[in-house]
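In what follows, a structure is listed as structure tokens, so that the remarks can point back to it.
Nothing in this text is a laboratory measurement; each read-out follows from the coordinates by a stated rule. Computed from a prediction, not measured in an experiment: that's the story for all the values here. Note that each Cβ is placed from the backbone with ideal geometry, even for glycine, and that neighbours are counted across all protein chains shown.
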Amino acid sequence: MTDKLDAAVARAREMLADAPRLAVLTGSGISAESGIQTFRGGGGLWKGTPIEDFATPDGFDRDPVGVWNWYAQRRAELDAARPNAAHEALARLQRDVLGRGGTFTLATQNIDGLHQAAGSTDAIELHGSMRSVRCRDCEHRREMPVEPVAAVPTCPRCGAAMRPDVVWFGEALPEAAYLPAVEAVAECSVLLAVGTSATVYPAAGLIEWAIGSGGKVIELNLEPTPATRMAAVALHGKAGELLPRLA
Ligand code: OAD
């Protein structure tokens, strides 16, 4: 641990202790230590195809079974995944902040449900959830099965195709998730951004929104990102090691 990192941790602790309104934005880096590959890790490829090419409505139209089974495989991996020390630290932080009468909003880009498993409540899932599927037409939802399929299941209510209950590239974020997240960052005194490359909009824009509204940003990420230069404090290291020191 370097003196510089120690000093940054101390500064971030002070900011968090004083913050009456805390917002947190997480990305796939927070789940890396739970064994879940980050989106851009492994070159951002799946069987040689960039994820951005198939995790889209067009990608699903082209190869519905392939896309479905990619999510089914990741969903199956989730059964072995446990929340790590970083997820647990955020759940603790939420309890502390609410306990002292502050406000706390956690918005995640992750679709793995590990924040909820660690005890975080009211987490906003900006990009949906890998644990469910929904009808393309009537929005009927059910649990995502883990077994691969030979044909994409149809909706038991209306007969249309089911699809993973996630936000694909090129799709709008669900308003019910995005609007409260914007409200929280616009009103926050501190935004803590953890394990996100801060490159995928509109979620990454929440960081700029917080700053534009007078909030201060603490970034915690393995490496520098476009958010680093905007951050009041940037901590570079593993979330599972550094977050417990903050909370
Ligand atoms: P990315 O894969 O883009 O970024 C993950 C970040 O976490 C990287 O900057 C890593 O350096 C960092 N990281 C990795 N391991 C870490 C660790 N142990 N501790 C701290 N940081 C670590 O993932 P996201 O920013 O979440 O969207 O990507 C955003 C969105 O792009 C995803 O939600 C997904 C995606 O493609 C959709 O599917 C719509």
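Give me the number: length gained by fully extending Glu241 to Arg62, i.e. 0.36 nm times residue separation minus the C-alpha to C-alpha distance, one decimal in nm. My answer for the length gained is 60.3 nm.
Hey, can you rank 228-238, 140-150 by average C-beta count inside 10 Å, highest first?
228-238, 140-150
Distance between the C-alpha centres of region 197-214 and region 1-42: 16 Å, rounded to the whole angstrom. Extending 7 Å from the Cα toward the beta-carbon at both Glu183 and Ala81 defines two label points whose distance is 2.9 nm. Relative to the globular-protein estimate of 2.2 N^0.38 Å, the Cα radius of gyration of the chain stands at 1.03.
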